[in-house]
Amino acid sequence: MNAKGEDPQRPELALRKRRLNHLVWLGALLLLTLAMFSGVLFTSEPVVLSNGDTDLAGQFIHWRAFGFGELRHGNLALWNPHLFCGAPFFGGFQSALLYPPNLLFVVLPVGVAVNWSIALHVYLAGAFAYLWAACRGLSGLSCFVVGLMFMFGGGYFPHIYAGHLPNLCAMVWAPVVLMGIDGVVTKGGMGWVWLV
């Protein structure tokens, strides 16, 4: 006990309990993601998520196979000789060769990597929305519902069937951007840290 009659261990204990609570809810989002995609993630016969007549099957799988196949062989694919009479590849923003989560395409076969990439981004959508809600002061259960609604909701989840791989990868970062804006607006002098 200090001079004010407060136990100095209490605030740290409460912080630990809050962090553990958040980890439990984030773990629940992870378990729901794995349950949702277990049929395609843990199978010997990979079936790529999406409709077979979409951009994913007609374009993005081939681009990922080409670009990351070249990276696997130590080459940076600046030019795609298989498109028209050749076209810039690395300079095209949808090649996504420098997007860190796409390292899955270097180590896994393209069909398996697509499924794991989609599952990873669905989880990240929920986790980032959860963290944004937590930064706004919501309870663990409320944050869980926010994450669940974003990751499995109509604004995000239907992009899987539609084969919109770039949309799936880009949309997950919206809650992080909003969290940064909130930090800049509410944290005063330390706002630049949130901006970074």
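Throughout, read-outs are computed from the coordinates displayed, never taken from laboratory work. Everything numeric here is computed off the predicted structure, so don't read it as measured data. Here the Cβ positions follow ideal geometry from the backbone for every residue, glycine too, while neighbour counts run over all protein chains shown.
Once phi is turned into θ = phi - 60°, what whole-Hz ³J(HN,Hα) does the Karplus curve with 6.51, -1.76 and 1.60 give for every residue of region 160-170, x standing for Gly and Pro?
In residue order, the calculated couplings are 5, 4, 6, x, 8, 4, x, 5, 4, 6, 7 Hz.
In whole Hz, what ³J(HN,Hα) sequence does region 106-121 give by Karplus (6.51, -1.76, 1.60; θ = phi - 60°), x for Gly and Pro?
Going residue by residue, I get 7, 9, 10, x, 4, x, 5, 5, 4, 5, 5, 5, 5, 4, 4, 6 Hz, with x marking Gly and Pro.
Once both labels are modelled 7 Å past Cα along the beta-carbon direction, what's the Ser139-His62 spacing in nm?
The answer from the label model is 5.3 nm.
Note the full-extension length gain between Asn21 and Phe157 as 0.36 nm times their separation in residues minus their Cα-Cα distance, in nm to one decimal.
Full extension of this stretch gives 46.4 nm more.
Read phi for every residue in region 56-62 and hand back ³J(HN,Hα) as whole Hz from Karplus 6.51 cos²θ - 1.76 cosθ + 1.60, θ = phi - 60°, with x for Gly and Pro.
4, 6, x, 9, 5, 5, 5
Only sites in a loop by DSSP and with at most 10 other Cβ atoms within 10 Å count here; which chymotrypsin sites (Phe, Trp or Tyr not before Pro) in region 81-188 make the cut?
For chymotrypsin sites (Phe, Trp or Tyr not before Pro) across region 81-188 that sit outside H, G, I, E and B with at most 10 neighbouring Cβ atoms in 10 Å, the list reads Phe93.
Dipole of the chain (Lys/Arg Cβ +1, Asp/Glu Cβ -1, origin at the Cα centre): which of Val122, Ile160, Pro109 lies farthest to the positive side?
Ranked along the dipole, the leading option is Val122.
Non-local amide H neighbours of Asn80 (under 5 Å, H modeled in plane, Pro and chain starts lacking H): which ones?
The answer is Ala87, Phe89.
Over region 122-196, what is the mean sequence separation of C-alpha contacts under 8 Å (at least six apart), divided by residue count, expressed as relative contact order in percent?
Rounded, it is 31 percent for region 122-196.
In terms of the ratio Rg/(2.2 N^0.38 Å) built on C-alpha atoms, what value belongs to region 33-161?
Relative to the 2.2 N^0.38 Å estimate, region 33-161 comes out at 1.22.
Over the Cα atoms of region 62-135, what radius of gyration and what Dmax do you get, in Å?
14.9, 51
Can you list the residues, at least 5 places off or on another chain, whose amide H is less than 5 Å from the amide H of Gly153, using H built in the peptide plane?
Counting only residues 5 or more places away or on other chains, the set is empty.
Run lengths n ≥ 4 of DSSP H only: what is the helix-derived mean residue ellipticity at 222 nm for the chain, with -39500 (n - 2.57) per run over all residues, to the nearest 500?
One gets -19000 deg cm²/dmol as the mean residue ellipticity at 222 nm.
Once you wrap a convex hull around the alpha carbon atoms of region 128-191, what is its projected area averaged over all directions, in nm²?
Mean projected area for region 128-191: 4.5 nm², to one decimal.
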